[in-house]
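Input: a single structure, listed below in structure tokens.
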Amino acid sequence: MVNVYPYISYTNNAKFISLDYALFRGGSALRDGDLTYTNLFDASIDAFSFAMEKEGFPGLEMVVAETGWPTGGGDAAGTYNALVYNGNLVRRVVDNVGTPKRPGTGLKVFLFGLFDEDEKDGPEYERHFGIFRADGAKAYDLIFW
């Protein structure tokens, strides 16, 4: 199991990572040997897979325990970007796209989270990953792009 947060990677490295790359909208591709990456999620999953192989655990089934995009509280956070990220992610999972390292191999992915956590410690964006607000109101309609 691995947690993958392209939002955090993007905001910590916005000089080097485009928002389109983080949101599955393409843009410039990144080449790593024979593999070409068009999004940050796949690059993160494959980096973890290569690291586990190096440690003697090849062929592990990949399960993403947490991933998502905040609807507020930071740079590039917002309802539209959360909708785009989660919608594009779900479409890729449903279509069993896989990653450049493992094309056509489906991933088990759990979206984080169902509800905003308005009492959570840490950076403001940490409170805003929910598809629903803390009061139960819908933050956005999840659309599969």
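With 10 angstrom as the radius, rank 1, 52, 62 by how many other C-beta atoms surround their C-beta, starting from the fewest.
Exposure proxy ranking, most exposed first: 1, 52, 62.
Over the Cα atoms of segment 1-75, what Rg and Dmax result, in angstrom?
For segment 1-75, the Cα radius of gyration and maximum Cα-Cα distance read 13.2, 40 Å.
Which whole-Hz couplings ³J(HN,Hα) result when phi for each residue of segment 12-18 is put into the Karplus expression 6.51 cos²θ - 1.76 cosθ + 1.60, θ = phi - 60°, listed in order with x for Gly and Pro?
Ordered by residue, 3J(HN,Hα) equals 7, 9, 4, 5, 10, 10, 7 Hz.
Count the net charge of all other residues whose Cβ sits under 13 Å from the Cβ of residue 123, scoring Lys and Arg as +1 and Asp and Glu as -1.
-3
If you build the convex hull over the alpha carbons only and average its shadow over all orientations, what do you get for segment 86-126? Give it in nm² to one decimal.
With the hull built on Cα positions only, its mean projection is 4.1 nm².
Can you compute the charge dipole magnitude of the chain about its Cα centre, using +1 on each Lys and Arg Cβ and -1 on each Asp and Glu Cβ, nothing else charged? Give it in debye, rounded to the nearest 20. Could the numbers behind the result be given before it?
On the way: 13 positive and 20 negative charges, 97 e Å.
For this selection, approximately 460 debye.
Would you work out which of 63, 52, 83 lies farthest towards the positive end of the dipole of segment 1-88? Charges go on Cβ: Lys and Arg +1, Asp and Glu -1.
83
Quick one: helix 40-54 against the long Cα principal axis of the chain, what's the angle to the nearest 10°, folded into 0 to 90?
Between helix and principal axis, roughly 50 degrees.
For the chain, place one equal point scatterer on every Cα, skip the solvent, and apply the Debye formula. What is log10 of I(q)/I(0) at q = 0.17 Å⁻¹?
Debye intensities relative to I(0), on a log10 scale: -0.96.
Can you spot the lysines whose alpha carbon is less than 24 Å from residue 108's alpha carbon? Ignore those fewer than 8 places along the same chain.
54
If you put +1 on each Lys and Arg Cβ and -1 on each Asp and Glu Cβ, how big is the dipole of segment 1-54 around its Cα centre, in Debye rounded to 20?
My answer is approximately 200 debye.
Taking θ as phi - 60°, what are the ³J(HN,Hα) couplings along segment 57-62 by the Karplus curve (6.51, -1.76, 1.60), each to the nearest whole Hz, with x for Gly and Pro?
For segment 57-62, the Karplus curve yields 10, x, x, 5, 5, 8 Hz.
For the chain, what does the helix formula give at 222 nm: sum of -39500 (n - 2.57) over DSSP H segments with n ≥ 4, over the residue count, nearest 500 deg cm²/dmol?
-8500 deg cm²/dmol
Quick one: of the DSSP bridges fully inside the chain, what percent are antiparallel, nearest 5?
For the chain, the DSSP antiparallel bridge percentage is about 45.
Read-outs throughout are calculated quantities, based only on the coordinates presented, and are distinct from any laboratory measurement. Not measured: the values here are computed from a predicted model. Glycine also receives a Cβ, built like all others from the backbone with ideal geometry; neighbour counts cover every protein chain displayed.
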